[in-house]
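The values are calculated or read from the model by the stated rules, or taken from the named source; none is laboratory data. As the structure is a computational prediction, the values presented were derived from the model and not from experiment. In this analysis, Cβ positions are derived from the backbone assuming ideal geometry, glycine residues included, and neighbour counts consider all displayed protein chains. In case anyone asks, the SASA skips ligands and DNA or RNA and just uses the protein heavy atoms, side chains included. Shrake-Rupley method; radii C 1.70, N 1.55, O 1.52, S 1.80 Å.
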Amino acid sequence: MKFIVSNSVLLIGGKIVQVKNIITILLLLLATQIGFSQATAITEKKKIEDLISKSGKYFKNAEYEKALDISKLALLRSLKFNDESLIAQSYNAIGVIYDEFSQSSRAIEFYNKALLHVNNTDNDALKDWIYSNLGSVYYYSKIDVKKGIVYYEKSLEFAQKINDSAQITYTKLNIASAYFSINEFEPGMRYVKEVESYIDRKGEEEARLSYYTLNGIYFSNHNNPKLAEAYFFKSIAIGKKNMPTFLVNTYQNLYEHYDLYKNKTQAAFYRNKYDSLNKSLYPEENISKLNDAALQIELDENKHQLEKIETANELNQKKINDSKIISILFSIILIVLLLLVYTLYRNNNSKKKLNSELTLANNELRIAKEKAEEISQLKTQFVATISHELRTPLYGVIGITNMFLDEHKEHLNNEHLHSLKFSARYLLALVNDILQINKMEEKKIVLENTTFNLQSELNTIVNSLTFIADKNDNSLRIEIDPAIPEFLIGDELRLSQILMNLISNALKFTHNGEVIVTANLDNVIDKTHYIMFTVKDNGIGIAKHDQEKIFDKFVQIERKDGDYQGTGLGLTIVQRLIELFNSKLYLESGEGAGTTFSFTIGFTPDDTLEKGMVAKIVTVDFDKRIFNILVVEDNKINQMVTKRIIERYHHICVLADNGYDALELLQHEKFDIILMDINMPMINGYETSRRIRDFGITTPIIALTAFDKNEVEPQAILSGIDGVIIKPFDPSELFELIAAQVK
């Protein structure tokens, strides 16, 4: 028995330099010619594809003579067009027609010609179909079934490569049919089973017909005649719709089935149907016409080769006739190119010289940049070291002064002690200002977002500056727009620094006068509330010619009404902080007419008002709990000051002179909190803290340091330190931080 699935497959459709005007004209003509040629080529290609498509339709309708005529025309035009893919498609279409009439040798001849041309392309779909057709002709004509299977398997490789599910299905059915024809049913049935799911889901009628027929053949040869006949009849039902060529194969397989089971009546009946349909589809006169057509195709191919030779001769003659013009044009172009090369040569020399100069300048700039970075790093280290070395003794001076005043109440009004305390705080403010300016220059300040109460913040600032107001007999009042939300989100610390500097300046330069601080809601965009802050005084004012100078570092205008203390950094800090808020500081002043500073900053209101308030009142009751506190500090004066502060609040203080002593103490005694100096000999505070954590000790550690907080905090966190406070500090700040850490 034999059956061929899809006996034939047809492919359907698958820097700018100005030169002489003559060169420009030539280029334009060339571009126009190329554009015209491309458009013509696209049109011709479409016409050839339409011819191949039309041939396929004629073939499907069993109009073989028309299909052959159209395919021949497509081949001639493809040869002239010289398109490898179209030539291959045309040969394939012709081969299919000869294959259909069992003209095997002719079919193989045309398929091999198609294969020769398609191998010069990357058209994997066409390769798949041609290999499939070669497999069919070798199998169906019983020339060499095994060789046919090899061609089918090659076709399957390309079908899988392009992931064509339908073609994979047809090819596997063809392989199964070939195996069945040599009575190797089990290898063939494996391929049938592989496509069963696809057939059930979306198999086309041709695929279903093939699938049913193959099942009929299999069960016919495996002693199940009833099931075989059921499959054959399903195949006939599909073939009668409009698949006469497939119906012929089904009739043949059905009469062979009845012969096998000795049913002579049914065998004769379907043999007659097979003969009748076969004669109507493949009449003898058509075979004769096919032979004539094959000869004509050979003649056409030879004629095409002659035409190519004649065309080549005509082109050569035309080239000879045009050689003079081409020579002249080439000479002109050569001259222009030589001029261009000479220009480029000069430009290249100039560029080399310029590059050399730029390389030298770049190296000098790199060296200067490295030196500047080194100087900047040295400056940063110097400022940090100086600030640490100044803060450390200041901590002792301020602490001892406070201790003396606490222990000797009779000296509370002692002018010398107050002068000492004021001088120490003044020096501390100077250190802080210098450090602040340095951080701004290095762009190390980043705004933070916290929730704060504007009314409370302004009240705190006013209370802290009351001593300046009283000293100069000034009144200081604040006015807040009631439309401003009670709680805002923004950088509270930077806002306080701005206002502290502006208000303290206003109080210093005003005597027997008034300073008014106002906060008004200026605008609301989305959820952002833009608040205008104004600090106004009626003091000595600033002359017009001095108003530019006051924002320069370390600059103070001429003093006229007494000695006004200060570093000259306050307004520089204010201006740069306001720029961080993407705002601008405005000044209105006149000599003897007072001064007004104003700026606007946007904040968003905090909707979690109550939650924030509750969080602020959760503290530790120090009156009811005594803490055992370990202080790790190498400076004896600072030891004394810190111990005195702790014991003043009725807590226990144990001192350790260095990190090793602290580690020894922690092995035998438990503490509620550890206050750790950073800069210590032998082993610093970071390493001591790391070792404490390595011992599994979880006691909170707070770093007491004279270094800037932002410089030590990242390394402190990595070392297991829980908080940082800068010396000198307000005792209340220390105990607030302790309250946040203890459980």
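So with the 1.4 Å probe, I'd like the accessible area per residue for the stretch 81-121, rounded to whole Å². Numbers along the way, then the final one.
Details: 1230 Å² over 41 residues.
Accessible area per residue: 30 Å².
Quick one: net charge around ALA716, please, counting Lys, Arg +1 and Asp, Glu -1 for every other residue with C-beta under 14 Å from its C-beta. Don't skip to the answer; put the middle values down first.
Working: positive: ARG690, ARG693, LYS709; negative: ASP677, GLU687, ASP708, GLU711, GLU713, ASP722.
Cβ neighbours under 14 Å give a net charge of -3.
For the stretch 673-736, what is the charge dipole size about the Cα centre, in debye to the nearest 20, if Lys and Arg each add +1 at the Cβ and Asp and Glu each add -1 at the Cβ? Can you show the working numbers first?
Values: 5 positive and 10 negative charges, 54 e Å.
Dipole about the Cα centre, nearest 20: 260 debye.
In whole Hz, what ³J(HN,Hα) sequence does the stretch 72-87 give by Karplus (6.51, -1.76, 1.60; θ = phi - 60°), x for Gly and Pro?
4, 4, 4, 5, 4, 5, 5, 4, 5, 6, 6, 10, 4, 5, 5, 4
Considering only protein heavy atoms and a 1.4 Å probe, what is the carbon-and-sulfur percentage of the accessible area of the stretch 164-235?
Numbers: 1330 of 2990 Å².
Carbon and sulfur: 44 percent of the exposed surface of the stretch 164-235.
Ignoring everything but the protein chains, give the 1.4 Å probe accessible area of TYR649 in square angstrom, nearest 10.
Counting only protein heavy atoms, TYR649 exposes about 90 Å² to solvent.
Of VAL96, LEU68, SER155, whose Cα points farthest to the positive end of the dipole of the stretch 44-161 (charges on the beta-carbon: +1 Lys, Arg; -1 Asp, Glu; origin at the Cα centre)?
LEU68
Write out the chymotrypsin sites (Phe, Trp or Tyr not before Pro) in the stretch 662-713 meeting two conditions: DSSP loop, and at most 12 other Cβ atoms within 10 Å of their Cβ. The partial results should precede the final answer.
Details: sites: PHE671, TYR686, PHE695, PHE707; in loops: PHE671, PHE695, PHE707.
Loop-located and lightly packed - PHE695.
For HIS222, what accessible area in Å² do you get when you roll a 1.4 Å probe over the heavy atoms of the protein chains, rounding to the nearest 10?
Its accessible surface works out to 70 Å², give or take rounding.
Over 18 Å between C-alpha atoms is what I'm after, so list which of LYS46/LYS113; LYS147/LYS172; LYS146/LYS279; LYS127/LYS161 land there.
On the way: LYS46/LYS113 22 Å; LYS147/LYS172 15 Å; LYS146/LYS279 29 Å; LYS127/LYS161 11 Å.
Table pairs above 18 Å Cα-Cα are LYS46/LYS113; LYS146/LYS279.
Over the heavy atoms of TYR111, what accessible area does a 1.4 Å probe trace out, to the nearest 10 Å²?
0
Can you list residues from other chains, or at least 5 along the same chain, whose modelled amide H is less than 5 Å from the amide H of MET680?
Under 5 Å from the amide H of MET680: GLY685.
What accessible area per residue, rounded to a whole number of Å², is obtained for the stretch 197-267 using a probe radius of 1.4 Å?
Working: 3370 Å² over 71 residues.
Per-residue accessible area for the stretch 197-267 comes out at 47 Å².
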